[in-house]
Amino acid sequence: MMNVAVMCSGSGSNLQALLNAEARGELGARIVLVISNRRRAGALERARDAAKPAEYLSPRRFDSDDAYRDALLDLLRRHDVTLICLAGYLRKLPVDVVRTYADRILNIHPAPLPQFGGPGMYGHHVHEAVLAAGVAQTGPTVHFVDEEYDHGPVAAHVAVPVLPDDTPDTLAERVLAAEHRIYPRVVAAVAAGRLRVEQGQVVGALDG
Ligand code: GRF
């Protein structure tokens, strides 16, 4: 059984979706740790409410990038973490963490990639860009994390229609609901070994 660390910066509604799936017995993995770089992140509260270890770990509280990296790796090792799920985590992971957990880090992004990703593309900025582009469809993308920001093989994408009177807020709400459905399914598939990366490509299927 995989041991999952969920890393968040914000409210943690995706974390909640993962916790709920675990509680229903649908995750096929154990959430063993929640990490946030923000002391007051709603995600930490959700973790505590679910009786999960909740750790505040901010790069800003360390003297050097290396010291932060070592603390993060140490924390992950102490909790025997085998899969990392980024869920609204607004920091780039240290490259050594990406290498240590190669092909075992997932991220959820609220739009198609690579079109609507990259530095600065987070929160309402993403949905504003989608509306400005005039595309008919958007929707969450779950991808394996590599050394580039918002990059790496796509594990799943859900199409969400853009409606004529959508605002960034209405679109965000509809996309978020789709995120909550897809992320637990992807984690379950990865945890079961149905979905994995081989030579930089995603192989397998989400369900089955
Ligand atoms: C989600 O839209 C996710 O796609 C993005 O950040 C947001 C996190 O929301 N990476 P929440 O904290 O899970 O509610």
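We did not get these values from a lab; they are worked out from the coordinates using the rules stated. Note that the structure is a prediction, hence the values are computed from the model and not measured. Using ideal geometry, Cβ is built from the backbone for each residue, glycine included, and neighbour counts are taken over all protein chains shown.
Here are the numbers for this structure:
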item	result
Rounded, prolate or oblate (a/c below 1.5 giving rounded, otherwise prolate when a/b exceeds b/c) for segment 50-191 by Cα gyration tensor	prolate
Residues ASP96, ASP207 arranged by fewest to most Cβ contacts within 10 Å	ASP207, ASP96
Segment 2-192 - charge dipole about Cα centre, Lys and Arg +1 at Cβ, Asp and Glu -1, debye rounded to 20	560 debye
Percent RCO, i.e. relative contact order, over the chain, from Cα pairs under 8 Å lying at least 6 residues apart	20 percent
Cα gyration tensor shape of segment 1-114, rounded if a/c is under 1.5, else prolate or oblate by comparing a/b with b/c	rounded
Euclidean distance between Cα centres, segment 171-208 to segment 1-34, Å	13 Å
Prolate/oblate/rounded call for segment 119-190, Cα gyration tensor, a/c under 1.5 rounded	oblate
Crossing angle, helix 13-23 versus the chain [Cα axis fit, 0-90 degrees, rounded to tens]	70 degrees
FRET efficiency, LEU90 to GLN201 (Cβ-Cβ, R0 41 Å, nearest 0.05)	0.90
Extension gain from ARG77 to LEU57, taking 0.36 nm per residue of separation minus the Cα-Cα distance	5.7 nm
